[in-house]
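Participant: Pasting a structure here, questions to come.
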Amino acid sequence: NDNAADASVGDGQPETLTGEEAPPSQIAICGAGIVGLVLALALHKQTGVKPVLYEQAPAFHDGVGAAIGMYPNGLRVIRDISPDLLAAIREAGCPYEYRRWMRHDGTEVAVASEQALVRRDDGLHSVGIRRWKLQKILFDAVVEAGIQVHFGKRTDEVRIRP
């Protein structure tokens, strides 16, 4: 079968999907980090397909990781998935006001207002947010959309069969 693949997902039990057994729209996403969660939400929104996520971590935990910046281009992706999701992320984060460029010795080279990065047509401002808060918001949205996430499942191998 040209459409068959085996995927071993870390518990030693390969899952085999074939064109006859699985709907052609079945999608597995390996990794339920920020990108995997956003990908799952975007696929669901754009195609109606509910992918299945496999995450090697046993669970997500609050307070883990540093902060990250979400810039207007990333915020547009989130907005296109759901304006409510964008609102939740903005509420959990802090808007950037200024950007500073520093030398290795701490000397300031330049300062610019983040307002310079804002397009007048959408008004999206860069936001700083704790990584775990962003992941929790995205995970909650995935669960609300009925998308399955399997924890403790590491992708060891994906083989395309002839």
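The values are calculated or read from the model by the stated rules, or taken from the named source; none is laboratory data. Everything numeric in this text was worked out from a predicted model, so none of it was measured. Ideal geometry is used to build each Cβ from the backbone, glycine not excepted, and the neighbour counts take in all protein chains shown. Surface areas here come from the heavy atoms of the whole protein model, side chains and all, with no ligands, DNA or RNA. Shrake-Rupley method; radii C 1.70, N 1.55, O 1.52, S 1.80 Å.
Participant: Let me check something: with ligands and nucleic acids excluded, how do M70, M102 order by accessible area (1.4 Å probe), largest to smallest?
Facilitator: Largest accessible area first, the residues go M102, M70.
Participant: So who's got an amide H within less than 5 Å of the one on A28, skipping anything under 5 residues away but keeping other chains? H placed 1.01 Å off N, in plane.
Facilitator: It is V52, by chain and number.
Participant: Ordered by residue, what ³J(HN,Hα) values in Hz, to whole numbers, does segment 91-96 give under the Karplus form 6.51 cos²θ - 1.76 cosθ + 1.60, where θ = phi - 60° and Gly and Pro are x?
Facilitator: My calculation for segment 91-96 gives 5, 7, x, 10, x, 6 Hz in order.
Participant: Given the Cα-Cα distance of A59 and N73 and 0.36 nm per residue of separation, how much length would full extension add, in nm?
Facilitator: 2.1 nm
Participant: With a/c under 1.5 counting as rounded, go ahead and sort segment 63-121 into rounded, prolate or oblate using the C-alpha gyration tensor (a ≥ b ≥ c being the square roots of the eigenvalues; past the cut-off, prolate if a/b is larger than b/c, else oblate).
Facilitator: Since a/c reaches 1.5 but b/c is at least a/b, the shape of segment 63-121 is classed as oblate.
Participant: Is segment 18-162 best put as rounded, prolate or oblate by its Cα gyration tensor, with a ≥ b ≥ c the root eigenvalues, rounded for a/c under 1.5, and otherwise prolate when a/b is larger than b/c, oblate when not?
Facilitator: Because a/c hits 1.5 or more and a/b exceeds b/c, segment 18-162 counts as prolate.
Participant: In addition: Loop-only trypsin sites (Lys or Arg not before Pro) in segment 46-124, please: DSSP not H, G, I, E or B, and at most 12 other Cβ atoms within 10 Å.
Facilitator: Within segment 46-124, the qualifying trypsin sites (Lys or Arg not before Pro) (loop, at most 12 other Cβ atoms within 10 Å) are R103, R119, R120.
Participant: Distance in nm between label sites at A112 and R100, each 7 Å beyond Cα in the beta-carbon direction?
Facilitator: According to this spin-label approximation, the distance is 1.7 nm.
Participant: Put a dot 7 Å past each Cα toward the Cβ at E91 and V52; how far apart are the dots in nm?
Facilitator: With each label placed 7 Å out from Cα toward Cβ, I get 3.3 nm.
Participant: Any idea how far apart A145 and R131 come out in nm if each label point goes 7 Å out from Cα toward Cβ?
Facilitator: 2.2 nm
Participant: Let me ask something additional. Using amide H atoms built 1.01 Å from N in the peptide plane, name the residues 5+ places from H150, or on other chains, whose amide H lies under 5 Å from its own.
Facilitator: Correct list: L53, Y54, E55.
Participant: Read phi for every residue in segment 143-157 and hand back ³J(HN,Hα) as whole Hz from Karplus 6.51 cos²θ - 1.76 cosθ + 1.60, θ = phi - 60°, with x for Gly and Pro.
Facilitator: 4, 4, 7, x, 8, 7, 10, 10, 8, x, 10, 9, 7, 8, 6
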